[in-house]
Amino acid sequence: MTIQWWQILLLTLYAGLAFYDGNNTTFGTVKPTMAGFFAGLVLGDVQTGLIVGGTLNLLVLGIGNFGGASIPDYMTGSLLGTVFAITSGQGAEFGVTLAIPIGLLMIQLDILARFSNTFFQHRAEKLVEEGKYDAAAKMNLFGLIPQSLSRMLPVFLAVVFGSTFVEVVVNNLPMWLMNGLKTAGGILPSLGIAILLRYLPVSKNITYLIVGFFLAAYLGVPVLGAALIGLAFAVLSYQKSSEEQPAAAAAVGNAGGDMGDE
């Protein structure tokens with residue numbers, strides 16, 4: 001598949017806008033699922049984009065960066081992984097396995113972008129000391145430039161030269177390695193779920209976990225169906241707790257009245 005210039009432009013602009021959204025407007029475009037969906041939409045294969053993005057999204061559940069910390073950029077990985085999966089014709093598993101090292105590599109570029117951003121921040125501090133607050137505000141906006149470019153340039157270069165790269169990789173990878181990559185791609189969702197469970201109160205809600213596992217493993221209920229059943233359980237639990245609170249408050253009040261009579 002040959003990528004058109006307008007597709008390259010849209011994918012590059014998305015990378016920059018998604019970074020801005022992740023730090024400011026928070027519409028969710030920085031999520032790997034949304035990045036995979038957008039790349040799939042642009043390239044005409046939404047299903048592959050959702051599989052790649054959704055798989056990578058499982059890897060970032062329960063993980064966040066605080067302060068100056070950098071985490072793997074699976075938004076960019078999802079964007080490029082979807083592109084490579086579609087252009088190579090090897091499917092979503094191939095795209096996921098390429099997306100993971102891309103996301104890890106982006107950590108280094110993110111650190112470099114943050115480092116270059118200190119120029120604008122020091123300039124803003126100096127302008128504040130001089131009482132030039134409007135100019136200082138502009139410096140903070142200019143600080144978005146190096147970090148946006150740290151996403152846009154890799155995406156642009158990878159998409160422009162990626163078709164040749166993908167062909168070389170596909171033609172030279174041995175079959176045993178390709179099968180290993182596909183197996184790894186299948187394991188990754190389980191790893192993401194395991195990371196998420198580590199931060200959830202599993203022991204307190206073990207009953208719901210067992211029910212969910214039974215629905216998925218033995219009845220073959222899809223994710224949306226299991227989520228709807230989970231929502232029903234959550235509503236029932238909320239309604240039960242709402243009914244118990246007034247009753248408990250009334251019991252306490254009655255007990256207080258009895259003590260007063262005595």
With the requirement that a residue be on the phi < 0 side of the Ramachandran plot and assigned to a loop (DSSP other than H, G, I, E, B), what does segment 124-143 give you? Glu130, Lys132, Gly143
Name every residue in segment 40-61 that is open to solvent by less than 30 Å² (accessible area, probe 1.4 Å) and over 16 Å from Asp73 (Cα atoms), in order of residue number. Gly40, Val42, Leu43, Thr48, Gly49
Please give the helices (runs of 4 or more DSSP H) falling wholly within segment 144-262 in which 2 or more residues are at pLDDT below 65 and either surrounded by fewer than 11 Cβ atoms within 10 Å (Cβ to Cβ) or not acidic (Asp, Glu) (or both). 144-172, 175-198, 223-261
Could you pull out the residue among Thr76, Thr33, Thr29 that is in a loop (DSSP other than H, G, I, E, B), at pLDDT 85 or above and within 14 Å of the chain's Cα centre (by Cα)? Thr29
With (1) within 18 Å of the chain's Cα centre (by Cα); (2) more than 30 Å from Asn172 (Cβ to Cβ) as the list, and Ala113 as the residue in question, which single condition is left unmet? (1)
Please go through segment 81-117 and give me each residue that is closer than 26 Å to Gln47 by Cβ, among the aliphatic types (A, V, I, L, M) and open to solvent by 20 Å² or more (accessible area, probe 1.4 Å), ordered by number. Ile86, Leu98, Ile100, Ile102, Leu104
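The values are calculated or read from the model by the stated rules, or taken from the named source; none is laboratory data. Treat the numbers as computed from the prediction; the structure is a model and nothing was measured. Using ideal geometry, Cβ is built from the backbone for each residue, glycine included, and neighbour counts are taken over all protein chains shown. What goes into the accessible areas is simple: the full protein's heavy atoms, side chains included, and nothing from ligands, DNA or RNA. Shrake-Rupley method; radii C 1.70, N 1.55, O 1.52, S 1.80 Å.
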